[in-house]
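The values are calculated or read from the model by the stated rules, or taken from the named source; none is laboratory data. The shown structure was predicted, so the numbers you read here are calculated from the model rather than taken from an experiment. Don't worry about glycine lacking a Cβ; one is built from the backbone with ideal geometry, like all the others, and counts go over all protein chains shown.
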Amino acid sequence: MNLYESGEMYLETILVLLDEKKNVRSIDVAEHMNFSKPSVSRAMGKLKEDKLISIDKDGYITLTKKGQEVAGKVYDRHKLLTGLLKQVGVSDEVAEADACRMEHVVSDETIDALRKYLK
């Protein structure tokens with residue numbers, strides 16, 4: 001599966017929102033990401049088509065097992081990169097923003113090496 005950065009961002013956002021509150025709908029994702037409702041609706045349709053999320057009759061979103069794996073991997077990378085950037089003196093705000101971009105392009109090999117180095 002070749003998921004684009006935007007799809008990963010949506011999955012990560014859903015994971016974070018599900019952690020904050022029990023029920024998540026497209027409007028919650030749109031508000032959190034500051035995206036338009038139609039854009040989020042199209043993205044949710046694609047994620048559902050790719051079997052990464054489920055949407056019940058009331059519009060509540062859950063991550064499928066596959067979606068949970070992808071979202072968890074992206075979020076784990078985000079936390080690792082944010083922490084590393086903060087350790088080397090990058091401000092919280094910049095570390096968050098940079099990690100958000102880096103998490104989608106850095107290789108598994110690099111993440112594994114960073115994880116090993118930090119231990």
Selection status of LEU81, at pLDDT 95 or above, outside the structural domain of LEU17 (by TED's automatic domain parsing) and not aromatic (Phe, Trp, Tyr): yes
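Quick check on ILE14: is it touching a Gly at 6+ places or on another chain (Cβ under 9 Å) and either surrounded by 15 or more Cβ atoms within 10 Å (Cβ to Cβ) or farther than 30 Å from LEU118 by Cβ (or both)?
yes
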Lone unmet requirement of (1) over 25 Å from ASP28 (Cα atoms); (2) modelled with pLDDT of 95 or more; (3) not in a helix (DSSP H, G or I) for VAL106: (2)
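Yes or no, residue by residue, for (1) more than 30 Å from GLY45 (Cβ to Cβ); (2) surrounded by fewer than 19 Cβ atoms within 10 Å (Cβ to Cβ); (3) among the aromatic types (Phe, Trp, Tyr):
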{"residue": "GLY59", "(1), (2), (3)": "no, yes, no"}
{"residue": "GLY67", "(1), (2), (3)": "no, no, no"}
{"residue": "LYS79", "(1), (2), (3)": "no, yes, no"}
{"residue": "VAL88", "(1), (2), (3)": "yes, yes, no"}
{"residue": "ALA95", "(1), (2), (3)": "yes, no, no"}
Residue match in region 52-63 (condition: among the acidic types (Asp, Glu) and touching a helix residue (DSSP H, G or I) at 6+ places or on another chain (Cβ under 6 Å)): no
Members of region 79-119 that are over 14 Å from GLU8 (Cβ atoms), free of Cβ contacts under 8 Å to residues at least 24 places away in the same chain and basic (Lys, Arg): LYS79, LYS86, LYS116, LYS119
Selected residue (criterion: surrounded by the most Cβ atoms within 10 Å (Cβ to Cβ)) from residues of region 34-57 that are part of a loop (DSSP other than H, G, I, E, B) and not hydroxyl-bearing (Ser, Thr, Tyr): LEU52
Residue in region 1-11 that is out of contact with any strand residue (DSSP E or B) (no Cβ under 6 Å at 6 or more places or on another chain), farther than 17 Å from ARG101 by Cβ and either surrounded by 14 or more Cβ atoms within 10 Å (Cβ to Cβ) or of a type outside the set (A, V, I, L, M, F, W, C) (or both) present: yes
Region 15-33: number of residues that are in contact (Cβ under 8 Å) with a residue 24 or more places away in the chain and assigned to a loop (DSSP other than H, G, I, E, B): 2
